[in-house]
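For reference, the structure is listed below as structure tokens.
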Amino acid sequence: MSISAMRSRLTDEDIRRLVKGENAEDRALAARKICQRIDAPDLTAEERQAADAIIMMIAQDAATLVRRSLAVTLRQSEHLPKDVAMKLAMDIDSIAVPVIAGSPVFTDEELIQIVRTQPASKQSAVAAREVVSKPVVMSLIDHADETAMGIAAANDGAEFDTEAYERTINRFADSRNVMDSFVSRSALPIEITEKIIARVSDDALQRLVRRHALPPQIAVDLAEGARERATVDLVDQAGVAPDLPRFVEQLQTSGRLTPSLILRALMRGHIGFFEHSLARLASVPHSKAWLLIHDAGPLGMKAIFERTGLPPRILPAIRAAIETYHSIEMGSGEEGRIVFRRRLVERSLTQFQGVPEEDLEYILSRLDQDEAEIQPAALAG
């Protein structure tokens, strides 16, 4: 099939500049224009065949600029021919990396081939893909360097299961880059957190304790200063702990389930932690505690509170917080949670002024931190 089959979609000038352009810049501009047009989804089978021939011709151009124009323009196209994609993947980095990182035409087997045979820069491109299946992740673990593996470790689109985590830790246990990168994931299994906590840098440890749930005993140890380079705010951990009953039990066993911690967590909107704490202290099932707190009116709250042994002076503050919680709807996303916390605290403090001074200072300082966190996002929006 000849180039003329595409003449209905391309101008003579486009073809002339691509074939006979006097310099690489002219040919690169023509290649970009042509690639944009032949990427259209409505080409007939005959036109698609002709388009593939044109794309292959561009991929064989001696000028790097022309081949890069092709790679960048069609890096996410489903119409990039497989043989051309593999040819580009073997090219120099400026051409190969955009295609490897973005092209949907590669199979897992082809990505694994790239990981096994190509240098670190191309392995990193595989690791950065929007979706990296477990077989490809396992290949990266076995063959990639720590730079590429760090990219995969931080990539939420890379499929890590228990086996993948374990093998990564076994091979890269001494790599701060890889261990630190795991902290950037939006979710991290608690058993993996436990294994990497001693291997991450100081900065990564601070991010780890802010963003991820810690095993209860480790959270308590860090909060007590067992590791000087990190301190854990147990109120924050109350908000992320996946196993609240176990977390609350550990706090009680260590003597850390204090009235102050319970009140601060409630004022931060950690209602589940508050419920489990009262259930633990009152020695009742969580389901019964929930009913007494939320569904039994003022007498229910009073009944369970009196069984906890908590000081009576904080009961009015707790009542005000629960009433406010029931009257406020929480918005979506982190900003919604921050706004909810602000309103919860403001309304609770308006209704009751007797919050202990040190707890009040903590709550207000955390509101200031919340505001600082959402300001950059608001400015960016």
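Throughout, read-outs are computed from the coordinates displayed, never taken from laboratory work. Treat the numbers as computed from the prediction; the structure is a model and nothing was measured. Note that each Cβ is placed from the backbone with ideal geometry, even for glycine, and that neighbours are counted across all protein chains shown.
Data overview
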read-out: Helix-only mean residue ellipticity at 222 nm for the chain, each DSSP H run of n ≥ 4 adding -39500 (n - 2.57), per residue, nearest 500; value: -20500 deg cm²/dmol
read-out: Protection proxy ranking, peptides 200-212, 145-157, average beta carbon neighbours within 10 Å, highest first; value: 145-157, 200-212
read-out: In nm, spacing of pseudo-spin labels at S365 and H143 (7 Å Cα→C-beta vector); value: 5.2 nm
read-out: R211 paired with R48, simple spin-label distance in nm, labels 7 Å along Cα-to-beta-carbon; value: 4.1 nm
read-out: R313-R176 pseudo-label distance in nm [points 7 Å out on the Cα-to-Cβ vector]; value: 4.5 nm
read-out: Å³ per residue enclosed by the Cα convex hull of segment 107-199; value: 75 Å³
read-out: Normalised contact order of segment 112-222, rounded percent, pairs of Cα under 8 Å and 6 or more residues apart; value: 21 percent
read-out: Packing-based exposure ordering (other Cβ within 10 Å, fewest first) of I55, I304, I328; value: I328, I304, I55
read-out: Mean Cβ count within 10 Å, highest first, over the residues of peptides 115-125, 262-272; value: 262-272, 115-125
read-out: Globularity index of the chain, i.e. its alpha-carbon radius of gyration over 2.2 N^0.38 Å; value: 1.39
